[in-house]
Every structure is written in C-alpha cells, then in structure tokens.
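Nothing in this text is a laboratory measurement; each read-out follows from the coordinates by a stated rule. Computed from a predicted structure; not experimentally measured. Backbone-built Cβ (ideal geometry, glycine too); neighbour counts: all protein chains shown.
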Amino acid sequence: MDRRPQGAVIDRSTKLAVAAAIAPQLCMAAERRPDRTVLAPSLRNRAELSIAGDLARRFAALIRGDDDTGLDQWIEDATDSERASLAAGIGRDIEAVRAAITQPWSTSPVEGQINRLKTIKRQMYGRSGYPLLRNRLLAAA
C-alpha cells in the first residue's frame, strides 16, 4: 500500500516524499542557496521540481510587480505542469488577478485589524461575557 500523500513527489536521493504544495517553496529556497539544501540532488534529477520552482518564482515576481503582461504566458506554462489547478483558478478569475497586480489598492490594513480583533476574541473565549468583550475591543481600538 502506497502511503505517500496525494500529489507528492518522491526525492530519489533521500527517498522522502515532498508534497506538491511545498515543492515550489523548497525550490525557491534551493535557488537562493543551492549548496545548502536537502533538495539540491532532486533539483538536478527531477525536471518537474525545477519547473514548479521556476513557475513559483515567476508568479511571485508577477504578484510583486505592477505589470501583468506575463500573466497569460504564465497561465499557459502552468497549465501543463503540477500547478495546473492554480492556473485554472487564476484563469477563472483573471480580471480580479489583473486588478490585484495593476491596482495600488490593498486590503492589508483591514485584514490586520480583523486579525487583531479575532485574537482578542479568542483570548476572551469562556470569560465573563459580551460586555467585557465589547469593552476590551473598544479599548484596543
């Protein structure tokens, strides 16, 4: 019985299963310090890991930049790789992705406030009641 996770890639040199979801991050780390990574032999021997790492680096550059001209090419390249489901999802909502890349707007400040309020709520779980929670939230704001 094969006990490896679905979508895992086996590293031939170490015989370890690498989840497909984290393989691109490992490949990106490997490129920064190729001599100090466990995956260095795998990157030389496994083309799909190198392709996944390249796609992850290109996508990160697209998202960090303000030019969406390479997005269509990235989707086309990713469609034939391990990142096909990500490419399909981006393709379904292409206008929102283009707007996220090209527009200067961000919801980060709002997300930060929501995270802070949820943290306070979790700390207060099981204590006193709504009036104390309300006072804590208002005092933190």
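Structure notes:
- Net charge of the neighbourhood of residue 94, taken over other residues with C-beta under 12 Å away and scored Lys/Arg +1, Asp/Glu -1, is -2.
- Distance in nm between pseudo-label sites at residue 76 and residue 137 (7 Å out along the Cβ direction from Cα): 5.0
- Packing rank of 108-120, 68-80, 88-100, where each peptide gets the mean count of other beta carbons within 10 Å, highest leading: 68-80, 88-100, 108-120
- Burial order of peptide ranges 126-138, 46-58 (average beta-carbon count within 10 Å, highest first): 46-58, 126-138
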